[in-house]
1. State all residues of the range 127-143 that are open to solvent by 30 Å² or more (accessible area, probe 1.4 Å), of a type outside the set (G, A, S) and within 19 Å of V69 (Cα to Cα); if no residue qualifies, say none.
2. Just checking, does the range 90-97 include any residue being open to solvent by 70 Å² or more (accessible area, probe 1.4 Å), closer than 30 Å to T26 by Cα and part of a loop (DSSP other than H, G, I, E, B)?
3. What is the number of the single condition among (1) under 17 Å from the mean Cα position of the chain (by Cα); (2) within 21 Å of L127 (Cα to Cα); (3) open to solvent by less than 40 Å² (accessible area, probe 1.4 Å) that V78 does not meet?
4. Conditions: (1) exposed (fewer than 14 other Cβ atoms within 10 Å of the Cβ); (2) modelled with pLDDT under 90. Q114 meets all but one. Number of the miss?
5. Restricting to the range 47-89, give me the number of residues that are at positive phi and at pLDDT below 90.
Amino acid sequence: MKRNLFYLLPLLLTLGVACSPKSDVTPIPQPQGNFKGVFAAVLKKSTGGYDTIRDTNFRVALTASSRFVVQAETPHHVASFGAFAYNSLYIQFVDSNTVASGNGAKFHLKDVYQYGYDGSNLVLQRLGSGDTVRIQYGLKKIN
């Protein structure tokens, strides 16, 4: 009988810890501040293959009141502004600037992205639709 209890004890301890009301979840800090970095997109060519576009001077400001401003227009990305919301896996941008400027279509910071944020580096990534295969932002906090 003691032998059976000896084998049952680790199972009971595991269940006790798993059902404990304590939580060690660390809250994710809200991305806020001024960020600068690279915007990149992979586009499918109509003739087959892929093109990559890249802007190295992308700048965005994220505020504590969950607002964002893309501060400068780049060759492939339009300046824009709006609101954002985030959770532990995703961040969503709602772009209030619906007018594309310049010749041809430019990208807007909008929709839902998977993201990673460690307090100074912010990485946003989403799979595209249509001819856009992937959109990615690699940003570093500058203040």
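1. Residues satisfying the conditions are Q136, K140, K141, I142, N143.
2. No - not one qualifying residue is present in the range 90-97.
3. Unmet for V78, out of (1) under 17 Å from the mean Cα position of the chain (by Cα); (2) within 21 Å of L127 (Cα to Cα); (3) open to solvent by less than 40 Å² (accessible area, probe 1.4 Å): (1).
4. So Q114 meets the others, but not (2).
5. Residues in the range 47-89 being at positive phi and at pLDDT below 90: 2 in total.
The values are calculated or read from the model by the stated rules, or taken from the named source; none is laboratory data. Please read all numbers here as calculations on a predicted model, not as lab measurements. Every residue, glycine as well, gets a Cβ built from its backbone with ideal geometry; the counts of neighbours run over all protein chains shown. Heavy atoms of the whole protein, side chains included, go into the accessibility calculation; ligands, DNA and RNA do not. Shrake-Rupley method; radii C 1.70, N 1.55, O 1.52, S 1.80 Å.
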